Each structure stands twice: as C-alpha cells, then as structure tokens.
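The structure appears below as structure tokens.
The values are calculated or read from the model by the stated rules, or taken from the named source; none is laboratory data. All figures in this text were calculated on a predicted structure; none of them were measured in a lab. Ideal geometry is used to build each Cβ from the backbone, glycine not excepted, and the neighbour counts take in all protein chains shown.
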Number of protein chains: 2
Amino acid sequence: MRAGRRRTVARVRKTVGRLADGREIVYFDHDGAAPREPHDPRRLPAVQTAAELRHDPLLDEWVAIASHRQSRTHLPATADCPLCPSTGGRQTEVPTADYDVVVFENRFPALAGDTGRCEVVCFTSDHDASFATLPAGRVRLVIEAWVDRTRALGELPHVEQVYCFENRGQEIGVTLHHPHGQIYAYPFVTPRTRQQLAVARSHLERTGRNLFADVLAAERDGPRLVARSSHWTAFVPAAARWPVEVHVFPHRQVPDLPALSSSEREDLAEVYLDVLRRMDRLYDAPLPYIAAWHQAPVRADRSLAWLHLQLFSVRRAPGKLKYLAGTEAGMGAFSNDVLPEEAARRLREAGP
Amino acid sequence: MRAGRRRTVARVRKTVGRLADGREIVYFDHDGAAPREPHDPRRLPAVQTAAELRHDPLLDEWVAIASHRQSRTHLPATADCPLCPSTGGRQTEVPTADYDVVVFENRFPALAGDTGRCEVVCFTSDHDASFATLPAGRVRLVIEAWVDRTRALGELPHVEQVYCFENRGQEIGVTLHHPHGQIYAYPFVTPRTRQQLAVARSHLERTGRNLFADVLAAERDGPRLVARSSHWTAFVPAAARWPVEVHVFPHRQVPDLPALSSSEREDLAEVYLDVLRRMDRLYDAPLPYIAAWHQAPVRADRSLAWLHLQLFSVRRAPGKLKYLAGTEAGMGAFSNDVLPEEAARRLREAGP
C-alpha cells in the first residue's frame with residue numbers, strides 16, 4: 001500500500017441469514033453500518049433442482065444438465081426486479097430495505113447439492129448502477145465478498161474449483177439487469193483451468209519457470225499494455241480471442257483471491273474500475289462483457305496457478321457482435337477480427 | 001447400397017476457373033449438365049489479407065487474427081447477394097448465369113496464404129432455399145464437393161486439417177442468407193480435434209477399443225436415438241452441450257469424407273436431410289444451427305479418428321437462445337437447460 005493512502009475498508013461485517021425456502025443469504029457491510037436483520041416472510045416452495053452432471057466421453061469433460069432452469073426469470077420489468085431490496089409492498093430475493101453487497105444461493109442453479117453450488121452476488125442496491133460506476137470502497141467490499149465465498153465454498157467437501165464472474169449486457173444473454181455477478185462452485189476442475197495448468201506444468205518442466213510469470217514479464221512494458229499499478233498489470237493478450245479482451249495479473253504469484261494481501265486488494269479495486277471504465281468508453285453504449293476470475297483449484301496445482309482476471313466482450317464494432325460460429329463452437333479454433341495492439345491502443349487512449 | 005436403389009449421382013463433373021482477382025472457383029455438376037464457362041469481367045483489386053496466426057501461451061492454442069475481415073459484407077439486401085448467379089446487369093462472386101454447387105475462395109478469409117485457406121460452398125443458386133429443402137441428389141453433389149475439397153486442400157503442404165461446416169441463421173451471426181457453407185483448411189490440428197484424439201488414444205490404451213465405436217454402440221438403440229439407416233446413426237449425445245444437438249456417425253470407422261464408400265454417401269444424403277428437417281420442425285421458425293464435420297487430421301491419428309457430423313443449435317425455446325456466457329466462455333464448462341432424452345424424443349416425434 002502506498003504511504004499515506006487511506007484504506008477504503010477497515011473491516012467488513014458479515015451477516016448470515018436464510019431465505020424462506022432455506023437458501024443461505026450473506027450480507028457484507030462496512031464495519032459500523034446499521035445491523036442487517038433479514039426476515040423473509042414469503043411462502044416459497046422448496047427449491048426443486050434437477051441438476052445433474054454428465055460425462056462427455058469424447059472430450060472427457062463434465063456437462064451440467066439443469067432442465068429446471070428453462071423456467072427461470074427472464075428479463076423482468078424493473079418494478080419486478082428480484083435483486084432490488086424488499087419494500088413494504090413487495091418482497092424480493094433480498095429481505096431487507098437496503099443492502100451494500102449481498103450474496104445468496106441461486107434459486108435456479110445450474111449446480112446444486114452434490115453437483116456444486118451457484119450463488120448470486122448483488123454489487124449494489126441501485127438497480128441502475130453498473131460495476132464500473134461503483135465507488136472504489138464498494139468494489140473493495142465486493143472483493144471481500146468474493147474472498148469470503150471462495151473460502152467458504154472451497155470448504156464444501158465436493159467442491160474442486162470456485163469461479164467468481166460477471167455477465168453484463170443483454171447481448172450475452174443476461175436475464176436480469178440489476179448489477180450482479182455469480183459464483184459457481186464446481187465439483188470438478190473446469191476444462192479451461194485444467195488445460196492452462198497442464199500447459200503451465202509442461203512449461204515448468206521444460207524451462208524451470210512459471211508460465212504466467214513469463215507472460216506477465218513479456219506484457220509489462222509492451223505494445224499491448226493497458227494499465228499498470230503497484231501490484232497489478234492489465235494488458236491485451238498477444239493472441240486475444242475476443243475483439244475486446246483484457247487480462248489483469250497480480251505481480252506476485254498467488255493462487256486465488258483469498259491469498260491477496262490487503263494492499264493488493266486495495267489496488268485491485270482501483271485497477272478493476274480503471275479498466276472497466278475504459279472498456280465502457282470504447283463505444284457510444286456501455287460494453288456487454290464477461291468478467292472471469294481464474295482461480296487455482298481448491299486442492300490441486302496451487303503452486304502452479306496464478307490468479308488472474310479475464311475481461312472480454314463480444315462487441316466487435318458499433319452494432320456488430322462477434323458470434324461463436326462454426327470455427328469456434330465446432331472446432332475450438334478462434335478467429336479475431338481486431339488486432340490486439342490496436343485494441344490496446346484504443347483502451348489506453350480511452351482513459352483513465 | 002440397398003438392392004434396387006437408384007444411385008442419385010452417377011458421375012460428377014468438375015469445372016475449375018479463376019475469379020478476376022485470381023481466386024479459384026470450382027463448379028460441381030451432374031455429369032451431362034451443360035458446360036460451365038466462367039468468365040469474371042469485374043475489375044477486382046487483389047485480395048488483401050492481414051491473416052496472421054498467433055500462439056496463445058496460456059492454452060497452447062493458435063488464434064487467427066484477421067483484421068481485414070472487419071469490412072466484410074454484412075447482411076446485404078437480396079438484390080445485392082454476392083452468392084447468387086451473375087445476371088446481365090450484375091456481376092456476383094459466381095460469374096455464370098446458373099450453377100448447381102459451386103465452391104470458391106473466400107474474399108474475406110480468416111486463414112490465407114501460409115496460415116491456411118477459406119472457401120465458400122454454395123449449395124444451390126436458389127437464394128431462398130435452405131440445406132433442408134434441397135433434393136437428395138443435390139445433397140449428394142454437395143457431399144462430392146466436400147470430398148473433392150477435403151482431398152485437394154489436404155494436399156496443400158501446410159494444411160493439417162480440413163473442416164467443412166455450415167452456419168445457418170442470423171442468430172449465430174450469419175452475414176449472408178444465401179444457402180452456403182464454408183471450408184476452413186487449418187495449418188494446425190484444431191483444439192477440439194486434438195482433445196478428442198488425446199481422449200481416444202488414452203481410451204484405446206486403457207481398453208483396447210476405439211472410443212467412437214464404444215459411443216456409437218451405446219447410442220444405437222438407446223433413449224437418445226433420433227434416426228438410423230443402413231450406414232449411419234443419428235443420436236443426441238448423453239452429455240449434450242446445446243439445447244438441440246445431434247451427432248451423426250457412420251457405422252464403419254472412416255477418417256474422413258473421402259473415405260466413405262459410394263453407398264455410404266448415398267445414405268448420408270438421406271439421413272442428413274431427415275435430421276435437418278426434424279430440427280426445422282421443432283419450432284415455428286427454421287432453426288438456427290451449426291453443422292460441423294469432424295474429420296481426421298491430414299497426417300496424424302488417421303486410424304484413431306472416426307468421421308462424424310455434429311449438428312447443434314443455440315435455440316433453447318421459442319424466442320430464447322442459449323448464450324455462451326461466464327461458465328462456458330470463461331471456464332469451458334457447459335450448462336444445458338434441456339434434458340438430452342427429451343430433446344431426442346421431440347426429434348423422433350418431429351419426423352420424418
């Protein structure tokens with residue numbers, strides 16, 4: 001932490017409750033905020049899930065089959081938003097009149113019971129805000145919520161990987177506009193992580209060096225740099241798959257969010273906002289994006305993995321989207337119409 | 001071939017020409033059709049490509065960076081369709097007044113020169129047709145075109161895999177409505193194929209059996225069967241990733257389309273049409289889909305691979321699409337809201 005800089009969060013207060021159907025809800029507040037006293041008066045049926053994991057023999061990968069999700073809430077009117085606080089007249093998924101950051105178990109989970117767990121993370125009670133418009137102190141609280149959930153879900157006996165992410169924008173299928181993210185706790189190591197770690201293992205055996213350290217060293221001063229702080233570097237990857245794609249790496253090898261120091265978390269809040277705001281300035285309209293936290297598996301390869309954030313968008317031009325069509329969805333071979341150095345230049349010029 | 005069944009194609013006539021900028025064009029006609037005499041009078045600038053392959057160090061995969069594609073033709077009016085035959089007043093990409101099946105090099109290729117080659121396959125001169133409405137004899141001609149191009153492109157020195165596919169529907173990003181497919185000749189083995197073959201190799205070492213044969217044996221009479229003929233079986237995979245997904249396997253192990261016998265090709269034309277027509281009957285509107293031909297690499301693992309067709313759609317309900325969001329695009333972990341047995345039942349009931 002830089003000398004003289006005020007820590008935006010001194011301590012975090014956690015309040016745990018239950019929704020009417022037994023799902024867990026966890027509030028994260030700045031220490032000193034008024035107490036949260038959740039009471040959910042709804043009469044909710046028990047959550048019915050048909051979540052099932054199936055093994056794809058051709059790719060040796062697990063697929064979640066979740067047929068109960070077909071009936072999930074789809075683009076409700078703002079007045080019906082289930083993520084806004086409850087009011088006298090309307091009970092939502094959050095049974096208090098306000099909140100800062102709140103996490104609860106998803107009512108329509110892709111993973112549940114012994115197939116894992118899905119949680120929703122509301123970033124703010126303000127329906128019309130977005131992650132990029134949050135103050136840094138609030139982002140700091142979101143980071144604490146991710147840290148807490150990564151730890152708590154990683155302690156469940158069957159969970160092998162915890163994934164914090166945000167889908168933003170109807171263009172990528174978001175069904176609720178209220179600013180929120182999700183957390184998936186998988187009972188397996190995901191295909192992407194498995195492959196990254198296999199590549200990192202073979203790189204270590206071949207060179208004696210950590211793969212992620214080598215990538216970071218190559219990008220810290222290069223033509224694809226977007227932003228850099230004391231503890232973090234944001235860059236467009238050399239072989240970007242998406243028209244807008246930024247990777248944000250901590251300078252120190254840590255396996256996951258709980259392993260970040262307090263000053264790394266402070267710094268992350270600023271860098272995250274800086275990059276998201278640059279992304280939103282690229283076009284006339286806010287950018288649809290996916291924010292994906294790559295964390296180490298709970299049990300395996302923790303000294304090999306290197307925590308990083310992958311931010312990417314399907315927007316390739318005003319009014320035009322990149323689709324995953326034949327080459328990507330069929331063969332896994334990506335084609336990108338935007339030169340990564342050009343994307344980085346535009347992002348550098350778009351901020352801070 | 002069943003006794004007494006007429007062969008829909010006796011012989012195929014191939015006519016090779018050049019477009020004004022030097023790109024190759026190849027006509028496929030039934031033997032006995034009038035001769036094709038392509039002459040392209042346009043003054044076209046030479047194709048400028050910035051196609052470049054970059055290596056992603058974190059996943060050990062190649063990404064095509066093709067910044068010249070940003071300016072490609074995007075949803076032109078029917079009267080401006082570049083895939084319709086030329087008329088007296090308008091020169092298109094096809095410099096004849098008619099055609100049956102025609103293949104030419106893509107003017108906006110993702111792969112070109114020593115990074116590979118991209119071709120366009122027009123299935124019919126009828127702008128308003130679709131693959132599913134073609135007569136079987138025409139599908140047979142398309143199969144001959146795929147066979148020819150798989151052979152011809154596989155002979156280029158740097159090509160490692162030939163991929164025939166069709167993207168259909170604006171929902172998956174199709175920019176030209178005229179019924180057409182594409183062929184990508186990659187200078188590498190694609191990530192999906194590489195992984196399938198690694199899994200098949202380890203299955204062979206462990207069990208002594210071919211992985212694809214085992215999958216086919218398990219699906220030939222099961223609850224996910226969609227259609228079956230003498231030489232082909234179509235089924236919904238047990239761990240389907242997409243709300244509509246059908247795999248079509250030949251009963252005999254063949255590496256690629258050129259290795260199919262004449263009767264297997266005949267039979268394929270019928271089965272392909274049968275399955276596509278069932279898919280189009282699922283909803284009120286024609287289904288957006290991707291048709292992906294999984295062929296063996298040109299040089300490697302040809303005795304391990306097993307040719308198959310993967311048909312899949314992003315349509316999960318009327319008016320609703322499946323998006324690849326955080327879990328799929330970030331972690332490669334798929335979640336499917338439709339039970340594969342239920343999808344198979346609906347497809348069985350939808351035809352023939």
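Restricting to segment B:78-99, what's the tally of residues that are among the acidic types (D, E) and in a helix (DSSP H, G or I)?
As a first pass, look at segment B:78-99 and keep what is among the acidic types (D, E): B:80, B:93, B:98.
Still in the list and also in a helix (DSSP H, G or I): B:80.
Number of matching residues: 1.
Hey, can you tell me all the residues within segment B:314-341 that are over 15 Å from B:Y283 (Cα atoms), out of contact with any strand residue (DSSP E or B) (no Cβ under 8 Å at 6 or more places or on another chain) and more than 7 Å from chain A (Cβ to nearest Cβ)?
B:E341, the sole residue that qualifies.
A:W306 versus (1) more than 24 Å from A:G173 (Cα to Cα); (2) more than 17 Å from the chain's Cα centre (by Cα); (3) crowded, with 21+ Cβ neighbours inside 10 Å; (4) in contact (Cβ under 8 Å) with a residue 60 or more places away in the chain: which is the lone unmet condition?
So A:W306 meets the others, but not (2).
Going through segment B:145-179 one residue at a time, which ones are part of a helix (DSSP H, G or I) and touching a residue at least 40 places away in the same chain (Cβ under 8 Å)? It would help to see each step written out before you state the result.
Applying the first criterion (part of a helix (DSSP H, G or I)) to segment B:145-179 yields B:145-154, B:170-172.
Result: B:A145, B:W146, B:V147, B:D148, B:R149, B:T150, B:R151, B:G154, B:Q170, B:E171, B:I172.
Residues checked against (1) more than 10 Å from chain B (Cβ to nearest Cβ); (2) closer than 19 Å to A:F235 by Cβ:
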residue	(1), (2)
A:Y283	yes, no
A:L287	yes, yes
A:L307	yes, yes
A:Q310	no, yes
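This table checks each residue for (1) within 22 Å of the chain's Cα centre (by Cα); (2) crowded, with 22+ Cβ neighbours inside 10 Å.
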{"site": "B:H203", "(1), (2)": "no, no"}
{"site": "B:P223", "(1), (2)": "no, no"}
{"site": "B:S229", "(1), (2)": "yes, no"}
{"site": "B:F235", "(1), (2)": "yes, yes"}
{"site": "B:Q253", "(1), (2)": "yes, no"}
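Select, from A:A344, A:A317, the only residue that is assigned by TED's automatic domain parsing to the domain that holds A:R209 and crowded, with 16+ Cβ neighbours inside 10 Å.
Numbers: A:A317 fails: crowded, with 16+ Cβ neighbours inside 10 Å.
None of the others qualify; the one that does is A:A344.
Out of all the residues in segment B:180-219, which are assigned to a helix (DSSP H, G or I) and closer than 21 Å to B:R117 by Cβ? Spell out how you get there, then give the answer.
Here is the first cut: in segment B:180-219, the residues assigned to a helix (DSSP H, G or I) are B:191-207, B:211-219.
The answer is B:P191, B:R192, B:T193, B:R194.
Looking only at segment A:225-237, decide whether some residue is over 18 Å from A:R348 (Cα atoms) and not in a loop (DSSP other than H, G, I, E, B). Please lay out each step first, then the result.
Looking only at segment A:225-237, we keep the residues that are over 18 Å from A:R348 (Cα atoms), and these are A:231.
If we keep only those that are not in a loop (DSSP other than H, G, I, E, B) as well, we get none.
No, segment A:225-237 contains no residue that is over 18 Å from A:R348 (Cα atoms) and not in a loop (DSSP other than H, G, I, E, B).
On the given criteria, is A:Q182 in contact (Cβ under 8 Å) with a residue 12 or more places away in the chain, more than 8 Å from chain B (Cβ to nearest Cβ) and either within 24 Å of A:A317 (Cα to Cα) or within 14 Å of the chain's Cα centre (by Cα) (or both)? Spell out how you get there, then give the answer.
Numbers: in contact (Cβ under 8 Å) with a residue 12 or more places away in the chain: yes; more than 8 Å from chain B (Cβ to nearest Cβ): no; either within 24 Å of A:A317 (Cα to Cα) or within 14 Å of the chain's Cα centre (by Cα) (or both): yes.
Against the criterion (in contact (Cβ under 8 Å) with a residue 12 or more places away in the chain, more than 8 Å from chain B (Cβ to nearest Cβ) and either within 24 Å of A:A317 (Cα to Cα) or within 14 Å of the chain's Cα centre (by Cα) (or both)), A:Q182 does not qualify.
Of A:L83, A:L75, which residue is buried (at least 18 other Cβ atoms within 10 Å of the Cβ) and either touching a residue at least 60 places away in the same chain (Cβ under 8 Å) or within 14 Å of another protein chain (Cβ to nearest Cβ) (or both)?
On the way: A:L75 fails: buried (at least 18 other Cβ atoms within 10 Å of the Cβ).
Exactly one of A:L83, A:L75 is buried (at least 18 other Cβ atoms within 10 Å of the Cβ) and either touching a residue at least 60 places away in the same chain (Cβ under 8 Å) or within 14 Å of another protein chain (Cβ to nearest Cβ) (or both), namely A:L83.
Taking B:G113 as the residue in question, decide whether it is out of contact with any strand residue (DSSP E or B) (no Cβ under 9 Å at 6 or more places or on another chain), in contact (Cβ under 8 Å) with a residue 12 or more places away in the chain, more than 14 Å from every other protein chain (Cβ to nearest Cβ) and farther than 20 Å from B:P179 by Cα. Before the answer, list the steps.
Numbers: out of contact with any strand residue (DSSP E or B) (no Cβ under 9 Å at 6 or more places or on another chain): yes; in contact (Cβ under 8 Å) with a residue 12 or more places away in the chain: yes; more than 14 Å from every other protein chain (Cβ to nearest Cβ): yes; farther than 20 Å from B:P179 by Cα: yes.
For B:G113, the condition - out of contact with any strand residue (DSSP E or B) (no Cβ under 9 Å at 6 or more places or on another chain), in contact (Cβ under 8 Å) with a residue 12 or more places away in the chain, more than 14 Å from every other protein chain (Cβ to nearest Cβ) and farther than 20 Å from B:P179 by Cα - is met.
Quick one: which residue in A:V142, A:V102, A:V63 is part of a strand (DSSP E or B) and more than 14 Å from chain B (Cβ to nearest Cβ)? So that I can check it myself, show each step before the final result.
Values: A:V142 fails: part of a strand (DSSP E or B); A:V63 fails: more than 14 Å from chain B (Cβ to nearest Cβ).
Unique residue meeting the criteria: A:V102.
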